[in-house]
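Chemist: Right, I'll just put the structure down here and ask away after.
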Amino acid sequence: QHSSGPLRNFDQSAKLRNVLYDIRGPVQDHASRLEADGHRILRLNIGNPAVFGFDAPDAIVRDMVTSLPTAQGYSDSKGIISARRAVVNHYQVREGFPSFDVEDVYLGNGVSELISFALQALLNPGDEILVPSPDYPLWTASTVLAGGTPVHYAASEEHDWNPDLADIASKITDRTKAIVVINPNNPTGAVYSPEVLTGIAELARQHGLLIFADEIYDRILYDEAKHTSIASLAPDVLCITFNGLSKTYRVAGYRSGWMVITGPRERATSYIEGLTLLSSMRLCANVPAQHAIQAALGGIQSIDALIAPGGRLTRQRDVTWEMLNTIPGVSCVKPKGALYAFPRLDPDVHEIHDDEKFVLDLLIHERILVVQGTAFNWSKPDHFRIVTLPESADLSTAIERIGNFLSSYRQ
Ligand code: PLP
């Protein structure tokens, strides 16, 4: 017999207020319910290569499997040495990338976990982080969760979605701690010009800011696009560069990523101790997936065939971009990298006041799932994001249906 106590409700903590991650939000839940009822949904919403038939290189899977018997224990909190050494070698051959050693490398359960560490270890209430708009929303969400204030700077659609340097400069205050650079960009597919990156590095230098460089798409580049790591333009600035196996190596489910610290580390010993503390509190990253890093970085870069002219990813990017631009009132900047397009819905043609409702209506009527632009901290309801991972035929059918749907859609 239990004695009766007070009936109590459990609410989520106040610190989750204003933490938004709508790439997996209510519309996605609705899609899952439709699927459970037997409907087929064309999912153009998540950058998860494996589910679209992009298999990982054999060597990576083999190394993960082979390591299982010997990878039963915890590893060093920063990660196994062989993988961290592979990360050091990977950057050392890059032109101009500042030197660093294995102690400056942290392995994580995906870049996601490391983004959280980097912000949690840094921010006090009121500290500001400059984050692009649109952004990959984990950066904004993790800043809020860490008690900081995200301040959004504009990316300019007219300039191939490059960051607007004047806007960044105007938003720097004495509370600004860091600037986030997502290059190649999710959701826009932009690959930033060296001039803009140099400008950002200069602002960081002048104002004593830390740079967070999310470069998870650095090898997914189309046509002549060249990627420049901002750390290589700012060896004198504290810079944390993030990357991992989820996209280029197609093993998002393994949860394996790294971050490397470059620049004047002696100015950040306490912050770096904080990063090490957070790493040790979660003991270590998934150890078998750490073993996959050396195989990935050391092997043949199989992504190259996919992004070559005529390669599968290039063709899909082309189809997406071309077809979106044939829809009246829709325009799309050509993605130069990554796995997404971020088309604009002309507000004079399409009267969309609530873009979440638009993507929900599209889901209900056409069984196509995209993500509303406002989920990426874009302030106006006039964009959406589509992933370019499905086969060209699926993309083509989906975009045709989006066009038909838009032609009669009113809110
Ligand atoms: N950064 C960007 C820009 C992303 O698009 C993603 C995933 O979509 C991540 C980080 C998270 O990657 P991971 O799978 O390594 O956690």
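Chemist: Can you give the Rg/Rh ratio of region 84-144, where Rg is from the C-alpha atoms and Rh is the Kirkwood radius?
Modeler: 1.05
Chemist: Follow-up question, since we're still on this one. In the P(r) worked out for the chain, what percent of Cα pairs fall beyond 42 Å?
Modeler: Cα-Cα pairs of the chain separated by over 42 Å account for 13 percent.
Chemist: With the other protein chains left in place, how much accessible area per residue, in square angstrom, belongs to region 58-298 at a 1.4 angstrom probe?
Modeler: Per-residue accessible area for region 58-298 comes out at 37 Å².
Chemist: Give the peptides 51-57, 184-190 in descending order of average Cβ contacts within 10 Å, highest first.
Modeler: Ranked by mean Cβ neighbours within 10 Å, highest first: 184-190, 51-57.
Chemist: Moving on to the next point. Considering the Cα positions of region 167-256, please state its Rg to one decimal place and its Dmax as a whole number of Å.
Modeler: Both quantities, over Cα of region 167-256: 13.9, 41 Å.
Chemist: Looking only at region 58-298, where both bridge partners belong to it, what percent of the DSSP beta bridges are antiparallel (to the nearest 5)?
Modeler: Restricted to region 58-298, the bridges split so that about 40 percent are antiparallel.
Chemist: Also, quick follow-up: So what is Rg over Rh here for region 58-298, counting just Cα atoms and using Kirkwood for Rh?
Modeler: Looking at region 58-298, the ratio lands at 0.95.
Chemist: In debye to the nearest 20, how big a dipole does region 346-407 give about its Cα centre with +1 on each Lys and Arg Cβ and -1 on each Asp and Glu Cβ?
Modeler: 180
Chemist: Using the alpha carbon gyration tensor of region 1-74, what are the three equivalent-ellipsoid semi-axes (square root of 5 times each eigenvalue), largest first, in whole Å?
Modeler: Equivalent-ellipsoid dimensions as semi-axes: 37, 26, 16 Å.
Chemist: Express the Stokes-Einstein translational diffusion coefficient of region 138-193 in µm² s⁻¹, to the nearest whole number, given a Kirkwood radius over alpha-carbon pairs, 37 °C and a viscosity of 0.692 mPa s.
Modeler: It diffuses with D of about 267 µm²/s by this estimate.
Chemist: Between Met281 and Ile364, what is the label-to-label distance in nm when each label sits 7 Å out along the Cα-to-Cβ direction?
Modeler: 4.3
Chemist: Quantify, in whole percent, the carbon and sulfur part of the accessible surface of region 58-298 (1.4 Å probe; protein heavy atoms only).
Modeler: 53
Chemist: Order these peptides, 140-151, 315-326, by their mean beta-carbon neighbour count within 10 angstrom, highest first.
Modeler: The packing order, highest mean first, is 140-151, 315-326.
Chemist: How far is it, in nm, from the label point at Thr66 to the one at Lys171 when both lie 7 Å from their Cα along the line to the Cβ?
Modeler: Going from the Thr66 label point to the Lys171 one covers 4.6 nm.
Chemist: Something else: Could you work out how far apart the two model spin labels at Asp236 and Glu35 are, taking each label as a point 7 Å from the Cα in the direction of the beta carbon, and quote it in nm?
Modeler: Using points 7 Å along Cα→Cβ, the separation is 5.1 nm.
The values are calculated or read from the model by the stated rules, or taken from the named source; none is laboratory data. Please read all numbers here as calculations on a predicted model, not as lab measurements. Because the Cβ atoms are built from the backbone with ideal geometry, glycine has one as well, and the counts that use them run over all protein chains shown. Protein only, heavy atoms only, side chains kept; ligands, DNA and RNA dropped before computing areas. Shrake-Rupley method; radii C 1.70, N 1.55, O 1.52, S 1.80 Å.
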